[in-house]
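A.B. asks: Below you will find the structure I want to go over with you.
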Amino acid sequence: MTSPIHHEVDGDVYVHPRHLAGSLNTGDAALAPLLGLGWSIEHDDVGNVYVDAPDRRVRIGFLPEGQDDGLWRINGYADPFGPPTWGMCASDAVPTEFVTAVTTVLATEYAKDPEGLFEHVVPRKGESFRPIQQLLDQDWRFDVTHLVLRDVYAVVAPDHLAGLDFLPGELDPDVELTTRGARWEFWGGDKSPGTAHWYTTATTRTPLPLLNALATSISDPAPLPRWRKETHSYIPGRARLTPIRPQAPTPRDVASVFARRPATAPAGSVPRWTTSSSPASPARRGPGR
């Protein structure tokens with residue numbers, strides 16, 4: 001049991017804003033919500049991990065040894081033997097917490113109604129733009145220059161170091177699934193050529209709850225914990241780092257600890273400093289000792 005006084009944080013600094021953090025060293029946290037539902041997991045001989053829903057209609061790939069920079073692939077199949085109906089891809093620098101937000105909602109939606117992940121329902125007015133509204137609610141802004149120059153609806157963070165590019169019009173499903181030319185592309189970092197940044201793409205028919213979860217996590221104002229020495233886990237020179245200081249226990253924390261301790265040691269208990277049995281009592285000692 002974890003002591004209520006010590007709330008462990010995996011890191012020694014907070015990264016502000018969170019979209020300038022990077023990937024963690026493991027994908028366990030993002031896979032946990034799905035494995036908790038009993039989804040199957042397999043490993044190949046080079047270190048990639050594959051997780052499948054029981055009906056094989058949703059598949060997750062964690063691909064550190066993949067053929068490109070797509071570390072995460074999440075695909076949904078209306079027909080488990082056909083091509084993907086929708087897909088998401090996250091690059092190898094995406095903060096793992098963003099993927100975890102998606103898989104957590106995916107697990108909830110699948111447990112509630114697997115068919116709902118494949119129903120092509122026309123969204124109510126404004127509902128299809130809810131992911132964009134999630135960003136606007138956190139003071140992100142439309143970037144009209146992208147619409148003029150690239151025919152893209154773009155929303156950018158206040159620091160212009162993260163954004164969402166939304167492609168309007170008809171798109172080729174195969175292109176969406178196999179390139180970065182998908183309907184939705186979230187990105188973080190400096191997008192100029194040759195600089196470190198991450199991206200996550202999502203195709204047209206990606207379920208809206210997954211997109212909402214992703215947009216909400218990316219735009220959350222709370223920072224993310226990282227280790228300062230692991231410079232791959234944030235963008236040096238861009239991210240603002242603040243030290244994580246242990247929180248002092250509150251009176252309630254201290255009281256809860258003492259409340260669990262017995263007032264006296266139970267009869268016959270072994271003293272804490274022994275390693276085997278209680279010491280012999282003086283009455284049992286032999287003469288001359």
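A.B. asks: Which residue pairs have Cβ atoms under 7 Å apart, sit 6 or more places apart or on different chains, and have a first residue in segment 30-41 that is within 20 Å of residue 97 (Cβ to Cβ) and a second that is open to solvent by 50 Å² or more (accessible area, probe 1.4 Å) and assigned to a strand (DSSP E or B)?
C.D. replies: Hits for this filter: 35/41.
A.B. asks: Same structure again: Given the criteria over 23 Å from residue 132 (Cα atoms), modelled with pLDDT under 95 and either open to solvent by 40 Å² or more (accessible area, probe 1.4 Å) or not aromatic (Phe, Trp, Tyr) (or both), does residue 239 qualify? Show your work before the answer.
C.D. replies: Details: over 23 Å from residue 132 (Cα atoms): yes; modelled with pLDDT under 95: no; either open to solvent by 40 Å² or more (accessible area, probe 1.4 Å) or not aromatic (Phe, Trp, Tyr) (or both): yes.
Considered against the rule, which asks whether it is over 23 Å from residue 132 (Cα atoms), modelled with pLDDT under 95 and either open to solvent by 40 Å² or more (accessible area, probe 1.4 Å) or not aromatic (Phe, Trp, Tyr) (or both), residue 239 comes out as no.
A.B. asks: Return the residues of segment 20-61 that are exposed (fewer than 13 other Cβ atoms within 10 Å of the Cβ) and either part of a loop (DSSP other than H, G, I, E, B) or under 12 Å from the mean Cα position of the chain (by Cα) (or both); say none if nothing qualifies.
C.D. replies: Across segment 20-61, the qualifying residues are 25, 26, 36, 38, 44, 45, 46, 47, 54, 55, 56.
A.B. asks: Return the residues of segment 38-76 that are on the phi < 0 side of the Ramachandran plot and among the charged types (D, E, K, R); say none if nothing qualifies.
C.D. replies: At the first step, the residues of segment 38-76 found to be on the phi < 0 side of the Ramachandran plot are 39-46, 48-55, 57-76.
Of everything in segment 38-76, those that are on the phi < 0 side of the Ramachandran plot and among the charged types (D, E, K, R) turn out to be 42, 44, 45, 52, 55, 57, 59, 65, 68, 69, 73.
A.B. asks: Run down 193, 225, 246, 207 and say which single residue is at pLDDT 95 or above and open to solvent by 20 Å² or more (accessible area, probe 1.4 Å). If you could, list the steps in order and put the result at the bottom.
C.D. replies: Values: 193 fails: at pLDDT 95 or above; 246 fails: at pLDDT 95 or above; 207 fails: open to solvent by 20 Å² or more (accessible area, probe 1.4 Å).
Criteria check complete, one pass: 225.
The values are calculated or read from the model by the stated rules, or taken from the named source; none is laboratory data. Every value quoted in this text rests on a predicted model; they were computed, and no experiment measured them. Every residue, glycine among them, receives a Cβ derived from its backbone with ideal geometry; neighbour counts consider all protein chains shown. The accessibility values were calculated without ligands, DNA or RNA, using every heavy atom of the protein model including side chains. Shrake-Rupley method; radii C 1.70, N 1.55, O 1.52, S 1.80 Å.
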